[in-house]
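Each remark here refers to the structure printed beneath this line.
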Amino acid sequence: MTQDITESVWLNTSDICSLEHIAEVSGLSQEDILDLVHTGVLPPSSHDHGTYFFYTECVVIAHRARRLRDDFELDTQGLAVAMRLLRRVDELETELANVKTRLLRARR
């Protein structure tokens, strides 16, 4: 009988992880991650420029960035633009869902 062990981590804004960990799990190099930090796409949890730590939710952002970069062969600036646009789309979808919820409640 074989047992598989799976480790999971809750991705949130209270736990932090290192630059090295983000690189390991996202598939991006540390240099790529620092480029995303400098373009404002990947916010570090603190502004100590000597050592970068990130909220664990940034793993999702970094992984998405790697997929976009690889799938569309984007350079750093193109990746930054694409990530900002996707973040804005996510914000607008959330806002639309909230408006729909309010409208449904108002009809009752």
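Of note:
- Test for D48: is it assigned to a helix (DSSP H, G or I), acidic (D, E) and either over 16 Å from L36 (Cβ atoms) or open to solvent by less than 80 Å² (accessible area, probe 1.4 Å) (or both): no
- Among the residues examined, A80 does not qualify as closer than 16 Å to V25 by Cα, of a type in the set (G, A, S) and under 15 Å from the mean Cα position of the chain (by Cα).
- Tally, over region 61-83, of residues that are out of contact with any helix residue (DSSP H, G or I) (no Cβ under 8 Å at 6 or more places or on another chain) and modelled with pLDDT of 95 or more: 5
- Test for L92: is it part of a helix (DSSP H, G or I), out of contact with any Pro (no Cβ under 9 Å at 6 or more places or on another chain) and of a type outside the set (S, T, N, Q): yes
- Matching entry among L85, L74, L96 (being open to solvent by less than 80 Å² (accessible area, probe 1.4 Å) and free of Cβ contacts under 8 Å to residues at least 60 places away in the same chain): L74
- Candidates in region 51-71 are the residues that are in a helix (DSSP H, G or I) and either of a type in the set (K, R) or farther than 15 Å from E24 by Cα (or both); of these, the one that is most open to solvent (accessible area, probe 1.4 Å) is R67.
- Within region 16-40, residues that are without any contact (Cβ under 8 Å) to a residue 40 or more places away in the chain and surrounded by 14 or more Cβ atoms within 10 Å (Cβ to Cβ) sit with their Cβ atoms under 7 Å from residues that are in a loop (DSSP other than H, G, I, E, B) and not hydroxyl-bearing (S, T, Y), at 6+ positions apart or across chains, in these pairs: I33/L42; V37/P44.
The values are calculated or read from the model by the stated rules, or taken from the named source; none is laboratory data. Model, not experiment: these values are computed from the prediction. Note that each Cβ is placed from the backbone with ideal geometry, even for glycine, and that neighbours are counted across all protein chains shown. Note: areas computed on protein heavy atoms with side chains; ligands, DNA, RNA excluded. Shrake-Rupley method; radii C 1.70, N 1.55, O 1.52, S 1.80 Å.
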